[in-house]
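S.K.: Structure in structure tokens, see below.
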Amino acid sequence: MGYKIAIDGPAGAGKSTIAKVIAKKLGFIYVDTGAMYRAMALFIMNEGIDPKDAEAINNKCKEADITIRYENGEQIVCLNGENVNSLIRTQQVGNMASLTSPNKEVRKKLVELQQKLAADADVVMDGRDIGTCVLPDAEVKVFLTAGSRVRAERRYKELTAKGETCDIDIIEKEIIERDHQDMTREISPLKAADDATFVDSSYMTIEEVADTIIGMVSCNKEG
Ligand code: DC
């Protein structure tokens, strides 16, 4: 059994950035579960399935072969054998992932994959249901948040840096909608585990947040 760090929180709170820094500093594996839901959303989009058609999604998702491998510490997500990392980072795929991820069969399939990846490794895993559902026995559980405007600003910078044209007010509106969808769904909604520590990253640097979480690891390891 390895050591597990679970980081949950809403879209744009900085989970993946922080998790990557922690993984590098501690020599842990980083598992980005949102990327798996995004790859599944891409599959469903490519199949032309209506995101509201739960029955079609629950049936069709079984045909998506989603696998993870690591290259120089970077997580590569493959969908039916194709590396889809460069296709899943758009706002459109993120919104689609929020709509398709509530489906039972999608979650069953991806949670199994996540638990398998974490089985014998030291991992830092981020998502929405890691502390509550995927790794309920994680040694460290963090609920990472930030105000919606701050999160929108971060997403805006990320997207414009990649050359995408976007509007910050629309991004903020979509973030609020996405939080609502993720928090109110029936199966494993976004919520903090009872034993999670809240960290608000609104006015903290990446290093400060990473060090705060690493501090919890040291405390925990010392007993
Ligand atoms: O973290 P992200 O933006 O890449 O996640 C995209 C969507 O995937 C998110 O809106 C909800 C879903 N998701 C989930 O349901 N459970 C997870 N553990 C991770 C992501």
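Each reported figure results from applying straightforward, stated rules to the coordinates on display, with no laboratory input. None of these values were measured; they are calculated from a predicted model. Please note: Cβ atoms are built from the backbone with ideal geometry, for glycine as well, and neighbour counts cover all protein chains shown.
S.K.: Taking 7 Å along the Cα-to-C-beta vector as the label spot, tell me the residue 167-residue 218 distance in nanometres, rounded to one decimal.
M.R.: Between residue 167 and residue 218, the simple spin-label model gives 4.7 nm.
S.K.: Right, something else. What is the Cα centroid distance between the stretch 1-62 and the stretch 184-216, reported in whole angstrom?
M.R.: 16 Å
S.K.: Could you name the lysines whose alpha carbon sits less than 22 Å from that of residue 162, not counting residues in the same chain fewer than 8 places away?
M.R.: Straight-line reach from residue 162, under 22 Å: 15, 20, 173.
S.K.: Write down the Å³ per residue value for the convex hull defined by the alpha carbon atoms of the stretch 82-126. If you can, show how the numbers build up before the last one.
M.R.: On the way: hull volume 4.8 nm³, N = 45.
For the stretch 82-126, the hull spanned by Cα atoms encloses 107 Å³ per residue.
S.K.: Okay, moving on. Which of the lysines could a cross-linker span from residue 62 if the Cα-Cα distance has to be under 23 Å and same-chain partners fewer than 8 positions apart are dropped?
M.R.: Of all the lysines, those that pass the test against residue 62 - Cα under 23 Å, at least 8 places apart if same chain - are 52, 104, 108, 109, 116.
S.K.: Ok, one more. Please report, in whole Å³, the volume per residue of the convex hull around the C-alpha atoms of the stretch 1-73.
M.R.: Cα convex hull per residue, to the nearest whole number: 138 Å³.
S.K.: Just the number, please: Stokes-Einstein D of the chain in µm²/s, Kirkwood Rh from C-alpha pairs, 37 °C, 0.692 mPa s. Numbers along the way, then the final one.
M.R.: On the way: Rh = 17.7 Å.
Rounded to a whole number, D works out at 186 µm²/s.
S.K.: Could you give the dipole magnitude of the stretch 58-213 about its Cα centre, charging the beta-carbon of Lys and Arg +1 and that of Asp and Glu -1, in debye to the nearest 20?
M.R.: Details: 21 positive and 30 negative charges, 125 e Å.
Dipole about the Cα centre, nearest 20: 600 debye.
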